[in-house]
1. Compute the projected area of the convex hull of the Cα atoms of the chain, averaged over all viewing directions, and report it in nm² to one decimal place.
2. Please compute the length gained on full extension between GLU93 and ILE8, using 0.36 nm multiplied by the number of residues separating them and subtracting their Cα-Cα distance.
3. When the accessible area of the chain is computed with all protein chains present and a 1.4 Å probe, what percentage of it is carbon and sulfur?
4. Taking a probe of 1.4 Å, how large is the accessible area per residue of the chain, in Å²?
5. Distance in nm between label sites at ARG106 and SER84, each 7 Å beyond Cα in the beta-carbon direction?
6. For the chain, what is the calculated [θ] at 222 nm in deg cm²/dmol (nearest 500), taking -39500 (n - 2.57) for each run of four or more DSSP H residues and dividing by its residue count?
7. Using 1/(1 + (r/R0)^6) with R0 = 35 angstrom and r between the beta carbons of GLN132 and ALA76, what's the FRET efficiency to the nearest 0.05?
8. Treating the angle as unsigned and between 0 and 90°, give the value, to the nearest 10°, between the Cα long axis of helix 142-154 and the longest Cα principal axis of the chain.
Amino acid sequence: MNWRREQIGPIGIDLGARGLRVLQLRCRSGSWSVHAAAHQALAPEEAVDPAARKLVLKKLLAGGGFHGRWAATSLAAHEVELKSIRLPNMPPEDLAGAAEYEVHERFPDLRDAEFSTRILPVGSIGRDAGAQQEVLVLAARTAAVEERLRTLLECGLTVTGLESSSGAVVRPFQRRLLGAT
């Protein structure tokens, strides 16, 4: 075991409506700490101007001591719709197709061309003959996803993760909740 080995994580970026926050963590000897952090409030006109937000982000990245170009971000809560559906128990390989079909039948406002959707199986609910599969459906406007990715790519970053804000909150606890160390 090399106790001097250090891992630096991706740059976490929050492109909020009132400000930009950037954070990068480092793991040294099994302990996580902040490697670099930066924040800047946005004026109301900057908050709605993609070019202005990009300039602020570039400034924060250049002056904050960040390492590497890997980045992760999340979409704001208002940019993501969350729906829950229940389906009959079925093999995992059939579940995604059945969920996609149900989404199109139950939620016609989530059209393929306008929305990007992700299906997240949660698990089985109920018992015996009444058991069903709970599935979460996350849908975001394709234009919002593309704009977020374009902003980061134009800042010279490589995007390693793009999640919903709720997913970003849960992700750090996922391993612990699933029993991993």
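The values are calculated or read from the model by the stated rules, or taken from the named source; none is laboratory data. Note that this is a predicted model, so its numbers are computed, not measured. Cβ atoms come from the backbone with ideal geometry, glycine included; neighbour counts cover every protein chain shown. Heads up: the accessible areas ignore ligands, DNA and RNA and are worked out on the full protein's heavy atoms, side chains in. Shrake-Rupley method; radii C 1.70, N 1.55, O 1.52, S 1.80 Å.
1. It is 13.6 nm².
2. Fully extending the segment from GLU93 to ILE8 adds 27.0 nm.
3. The computed percentage sits at 56.
4. 64
5. If labels sit at ARG106 and SER84, their model points lie 1.1 nm apart.
6. -10000 deg cm²/dmol
7. Using R0 = 35 Å, I get an efficiency of 0.65.
8. Once rounded, the angle reads 30 degrees.
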